[in-house]
Structure formats: structure tokens, C-alpha cells
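Colleague: This structure is in C-alpha cells; I'll ask about it shortly.
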Amino acid sequence: MQELKDRYGRKHDYLRISVTDRCNLRCLYCMPEEGVEFTESENVLSYDDIVQVVKVGASLGISKLRITGGEPLIRPGLDGLIARLSDIPGITDIALTTNGIFLAKQAKALKAAGLNRVNISLDTLDAARFRFIARRGDLSRVLEGIEAAAAAGFDPIKLNCVLLKGVNEDEIAKFLKLAYERPLHVRFIEYMPIGHADDNWRKHYLPLSRVLEIAEGEGYAISRKDSVKGNGPSDDWQMEGATGSFGLIHPISDHFCSNCNRLRLTADGNLKPCLYWVDELNVKEALGDPDAMRHLYYRAMDIKPENHEMAAKLADGDLTHVPTERRMSQIGG
Ligand code: SAM
Ligand code: SF4
């Protein structure tokens, strides 16, 4: 079967699957605080549908999956889905991105089901600030989730920290210390202008060069590191003598589109070739028809753009395509 290669020669072997657009939190960079409209549950892809889409993808060379959302752990029976996905021939790696609130209860079952890796979102180590950023939920639950993931044997455990100017930039040193002392990989992520995030984004965008300045200012001897397992776009760093490490994900100041190997499946059944643009293909029309599903994957390769233009947006430049109006919680990050 012909592999998934786009017009720019990029081979695709990675599918990110959003299993729900619902979430128990309302992070200020991702969702509005009130009035979010969610996909009706009958319009959300069932686990059977997701398995069908992945089976066809695997026959075309998709080998890595990431389960995301919304918050994936609010969807019942996720361990059952993971067990089914891990049985699909060709699937070699399944990861999860979660806000961690429900992880303590589920970590063991997820590991037993075949989940290989976990990323936990954590933007602050301060309980009051957690409430400010996430608007709901408790930091202590996320911290319990991290401990439970370690106890269940997940390794590496990555923490996703979106840096926000004037909100958590004063915690960069604390996060570096955490990565120094614990076997955790802290990924600092640039705030992206997706969906409704625009106003907050102009106020809070912070380029990640700040992290390196602070690491040096704190006296760490830092050097570039070979990529931590499963890292796509991360630019990884080590601190001499540290137990953990850190990474920089800078989609805006230094975009990594030339190495993009990923497709995204939204909870309402659309295959997105690029996170940023509006273009997407409805997989529901191809359910039950593997040939039609294959055609959709190839079509996604044909329409995939060369890159996003978030930097142009930051500079108020002209864009060549139409940006998506979907929120990050609908796309899955
Ligand atoms: N609810 C899960 C979580 O928070 O980990 C999974 C879904 S969330 C959309 C996936 C990742 O996207 C999270 O690490 C989150 O911090 C990140 N994210 C959401 N909105 C973002 C934005 N505007 N810019 C950068 N990262 C964002
Ligand atoms: Fe929910 Fe994750 Fe978005 Fe926060 S980043 S609102 S936890 S989907």
C-alpha cells in the first residue's frame, strides 16, 4: 500500500485522536470560561468508529497514536479503547495527553491496557494560580496524578507547561528545579493563537528563549540533548547532574512544519492535515468503506499545506489560507 507522503515529501506516521471536546477545566489559553458549546454525544465518533479509522491508517503506515481531547479521561472506558488500539497490527506506540485530574484513579488500568506514555499538563505549581489559569479543579489532584503515573511505571513522564507572559513566567526556575530533582521531562510550550485564544494570546505570548536565559541565570550547565523518546517537535535540553530534562516547543518563534509527520482526528469525526488551518475531511462519510477511508487519508496528504503562519499572525501579516475557528480543546493540541 502506498505510504502517506504529502506534496512536500513529508512522511506521516502519527495520528492524534481527540476522543471528546468536553473538559472539566477551562484553561484561559484554550477555552472561554462560560458558554462553550460541545458536540452532541450522538455526533461524537464512537470507539468502534475510531478503531476503524486507525485500522486503515495503520495499513498506510500510521504507527504512533496520541489520545487527547478535551479531557480524554472524562470519556468512560478509555482503557478499553486503548486496549483495542494497541491490538491493531502496526500500532507500536500509544500516548495520552491529559490534565491529570482523573489520572490517579486510572493510571494503572491505562498502563495495563497498553498505554505507553503520558503527558500531563501543568502550568503552575501554585494552587491559587492553578485556579486562575484552569479556572476549575485543584492542583493537588494533578500532582497526585503525576505520582500515580510514576507508580504505574510510565517512563518518561512529560509535563506540558504553556508559558504565559505575566502569569507563570516567574515559575520557570521552579519548573527547571523540578526537572533537575525529579525524573520528569518538562516541556515549555509557546502559547498558540488558535480558535478564540486571540486576545489573551496577544497579551500573554512569551518566546521560549526566556527559558534558556533563566536556566543559565540559575547556574545550570545546559546542553542540547538527543530527543526524549516520542518527542516530535521538542527541542530538548539537559542540565548537568539533573535527574530529569526539559524541552522547548516553539511552534511560533521557530516552527517545525518541515518535519511534520502528524494528522489529527477530531472528536466530531474530521481528519485535520494541519492544526492551524480550517481545512478538514469528514471521516463519517467513509465509515464502513475502507477504500473510501484510504482515499481520505491520501486526500489529507494532497491538501496538507507547507506550514502554518502563526508568526505572520503575530506580526499582523497577511495569511495565505483561512485559520481554523476551532478551539484547542476541539483539535486536541
Ligand atoms: N485536556 C488535556 C490537557 O490539557 O492536557 C488534553 C487536551 S489539551 C488541548 C492538549 C495540550 O494543548 C495541553 O498540553 C494544553 O496545555 C495545550 N494547549 C491548549 N491550548 C493551547 C494554546 N493556545 N497554546 C499552546 N498550547 C495549548
Ligand atoms: Fe481542558 Fe486541556 Fe483545554 Fe485545559 S488545555 S481547557 S484541560 S482541554
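The values are calculated or read from the model by the stated rules, or taken from the named source; none is laboratory data. Keep in mind that what you see is a predicted model, and the values were worked out from it rather than measured. Here the Cβ positions follow ideal geometry from the backbone for every residue, glycine too, while neighbour counts run over all protein chains shown. Protein only, heavy atoms only, side chains kept; ligands, DNA and RNA dropped before computing areas. Shrake-Rupley method; radii C 1.70, N 1.55, O 1.52, S 1.80 Å.
Colleague: So which of R7, R66 ends up being open to solvent by 20 Å² or more (accessible area, probe 1.4 Å) and either within 12 Å of ligand 1 (Cβ to nearest atom) or within 28 Å of A292 (Cα to Cα) (or both)? Steps first, please.
Modeller: Numbers: R66 fails: open to solvent by 20 Å² or more (accessible area, probe 1.4 Å).
Sole residue among the options that is open to solvent by 20 Å² or more (accessible area, probe 1.4 Å) and either within 12 Å of ligand 1 (Cβ to nearest atom) or within 28 Å of A292 (Cα to Cα) (or both): R7.
Colleague: Is it true that some residue in the range 11-21 is open to solvent by 40 Å² or more (accessible area, probe 1.4 Å) and either part of a loop (DSSP other than H, G, I, E, B) or within 23 Å of G100 (Cα to Cα) (or both)?
Modeller: no
Colleague: From the list E280, E306, E285, pick out the single residue that is without any contact (Cβ under 8 Å) to a residue 12 or more places away in the chain and either under 21 Å from V54 (Cβ atoms) or under 22 Å from the mean Cα position of the chain (by Cα) (or both).
Modeller: Every option except E285 fails the conditions.
Colleague: Right, something else. Could you check how many residues of the range 121-167 are in a helix (DSSP H, G or I), away from ligand 1 (no atom under 13 Å from the Cβ) and closer than 15 Å to A95 by Cα?
Modeller: Of the residues in the range 121-167, 1 are in a helix (DSSP H, G or I), away from ligand 1 (no atom under 13 Å from the Cβ) and closer than 15 Å to A95 by Cα.
Colleague: Kindly provide the set of residues from the range 29-42 that are out of contact with any helix residue (DSSP H, G or I) (no Cβ under 6 Å at 6 or more places or on another chain) and either open to solvent by 70 Å² or more (accessible area, probe 1.4 Å) or within 10 Å of ligand 1 (Cβ to nearest atom) (or both), ordered by number.
Modeller: Correct list: E33, E34, G35, E37, E40, S41, E42.
Colleague: Kindly state which strands (runs of 3 or more DSSP E) lie completely within the range 222-306 and contain at least 3 residues that are open to solvent by 30 Å² or more (accessible area, probe 1.4 Å) and within 26 Å of F188 (Cβ to Cβ).
Modeller: Working: elements: 222-224, 235-239, 245-249, 262-265, 270-272.
Ranges flagged: 222-224.
Colleague: Just to verify a result, which residue in the range 22-62, among those that are aliphatic (A, V, I, L, M) and assigned to a loop (DSSP other than H, G, I, E, B), is farthest from ligand 2 (Cβ to nearest atom)? Don't jump to the end; show me each part of the working.
Modeller: Residues of the range 22-62 that are aliphatic (A, V, I, L, M), as a first pass: 25, 28, 31, 36, 44-45, 50-51, 53-54, 56, 58, 60, 62.
Now drop any that are not assigned to a loop (DSSP other than H, G, I, E, B), which leaves 25, 28, 31, 36, 44-45, 60, 62.
Values: L25: 4, L28: 9, M31: 5, V36: 9, V44: 15, L45: 17, L60: 28, I62: 23 Å.
The extreme case among them is L60.
Colleague: Can you run down the residue pairs with Cβ atoms below 6 Å, 6 or more apart or on separate chains, where the first is in the range 92-103 and assigned to a strand (DSSP E or B) and the partner is surrounded by fewer than 20 Cβ atoms within 10 Å (Cβ to Cβ) and of a type in the set (S, T, Y)?
Modeller: What qualifies is I94/S86.
Colleague: Then there's this: Quick check on my filter: what residues within the range 180-192 are over 24 Å from D93 (Cβ atoms) and either modelled with pLDDT under 85 or surrounded by fewer than 16 Cβ atoms within 10 Å (Cβ to Cβ) (or both)?
Modeller: E181
Colleague: Now for a separate question. Among G269, G241, G232, which is under 30 Å from V167 (Cα atoms) and at pLDDT 95 or above?
Modeller: Working: G269 fails: under 30 Å from V167 (Cα atoms); G232 fails: at pLDDT 95 or above.
G241 is the lone residue from the list that is under 30 Å from V167 (Cα atoms) and at pLDDT 95 or above.
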